[in-house]
Amino acid sequence: MDLPRLLKRYPRPAELRDGTTVILRPLVAADEPALVDLFRGIPADEVVNLRDNVAEPAVIRAWCRHINYERVLPIVAEANGVIVADATLHRRRVGLLRDVGRLRGYVHPRYRRRGLGAVLLHELLEVGRLLGLAQVVVELVEDQHVLVQMFRRYGFRIDGHLPVYHMVILVRDIAPAQRATA
């Protein structure tokens, strides 16, 4: 499926375990203030699992001003008009890793343990399949045992470690490889 056709899926509602309805949709430039609010006060031990220092508003400003859905597809969850979570699918269009997507995400503490993380994970897995990816990868700090176990419950396997960085790499196959990766 091509990206413009895929984007027509949005906005779409999703129901959490407690009956709360959130709206899933791609991030747009006008979301900058709301995304800054989402990450305001994020603890340092949570920032380490994200590639960028999201506690810094300039980082969010750069994301919102340079959106490229072909490279990074950010999906936000809104509840009552407030962004309560952000999940991203990172892709490469060329090279050996073009069939592999990388996932990142953050759920506001008030929306944790309600199934929102699972909703976003399933959404990005489906989007990855529709875009023709074969695998998705998550990189986490290895002492984040709760997150590692959560991803393992959803079919991810530990596929490597980066001991110098204290990182664990989790992988999930989502479709047969479309191209040779020799």
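The values are calculated or read from the model by the stated rules, or taken from the named source; none is laboratory data. Keep in mind the model is a prediction, meaning the values are calculated, not measured. Glycine also receives a Cβ, built like all others from the backbone with ideal geometry; neighbour counts cover every protein chain displayed. Surface areas here come from the heavy atoms of the whole protein model, side chains and all, with no ligands, DNA or RNA. Shrake-Rupley method; radii C 1.70, N 1.55, O 1.52, S 1.80 Å.
Looking only at residues of the range 100-133 that are on the phi > 0 side of the Ramachandran plot and open to solvent by less than 40 Å² (accessible area, probe 1.4 Å), we find that the one that is modelled with the lowest pLDDT is G132. When the range 71-80 is filtered for residues that are closer than 16 Å to R104 by Cα and open to solvent by 30 Å² or more (accessible area, probe 1.4 Å), only R71 remains.
Among the residues making up the range 1-11, a single one is open to solvent by 80 Å² or more (accessible area, probe 1.4 Å), touching a residue at least 12 places away in the same chain (Cβ under 8 Å) and either in a helix (DSSP H, G or I) or of a type outside the set (A, V, I, L, M) (or both): P11.
Among the residues of the range 136-153, those that are over 18 Å from D45 (Cα atoms) and more than 14 Å from the chain's Cα centre (by Cα) comprise R152, R153. Filtering the range 16-33 down to residues that are loosely packed, with under 15 Cβ neighbours inside 10 Å and touching a residue at least 60 places away in the same chain (Cβ under 8 Å), which residue is nearest to the chain's Cα centre (by Cα)? Only one residue tops the list, namely R17.
With respect to being part of a strand (DSSP E or B), open to solvent by less than 60 Å² (accessible area, probe 1.4 Å) and either at negative phi or among the small types (G, A, S) (or both), L89 fits the description.
A search for C-beta distances below 6 Å between a residue of the range 119-140 that is farther than 21 Å from D159 by Cβ and any residue that is of a type in the set (G, A, S) and open to solvent by 10 Å² or more (accessible area, probe 1.4 Å), counting only pairs 6+ apart in sequence or on different chains, returns V119/A14; L120/G105.
Would the range 158-169 turn up any residue that is exposed (fewer than 15 other Cβ atoms within 10 Å of the Cβ), in a loop (DSSP other than H, G, I, E, B) and either at pLDDT 95 or above or of a type in the set (D, E) (or both)?
Narrowing the range 158-169 to residues exposed (fewer than 15 other Cβ atoms within 10 Å of the Cβ): 158-166.
Filter once more, so that each one left must be in a loop (DSSP other than H, G, I, E, B): 166.
Then keep just the ones that are either at pLDDT 95 or above or of a type in the set (D, E) (or both); that gives none.
Scanning the range 158-169 turns up no residue that is exposed (fewer than 15 other Cβ atoms within 10 Å of the Cβ), in a loop (DSSP other than H, G, I, E, B) and either at pLDDT 95 or above or of a type in the set (D, E) (or both).
What's the total number of residues in the range 34-51 that are part of a loop (DSSP other than H, G, I, E, B), modelled with pLDDT under 90 and surrounded by fewer than 17 Cβ atoms within 10 Å (Cβ to Cβ)?
Matching residues across the range 34-51 total 5.
Comparison of V146, V136, V84, V141 shows that the only residue that is modelled with pLDDT under 95 and open to solvent by less than 60 Å² (accessible area, probe 1.4 Å) is V141.
Conditions (1) in contact with a Cys (Cβ under 9 Å, 6 or more places away or on another chain); (2) of a type outside the set (K, R); (3) closer than 21 Å to Q144 by Cα, marked per residue:
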| residue | (1), (2), (3) |
| --- | --- |
| F39 | no, yes, yes |
| P43 | no, yes, yes |
| L50 | no, yes, yes |
| A58 | no, yes, no |
| R65 | no, no, no |
| Y69 | no, yes, no |
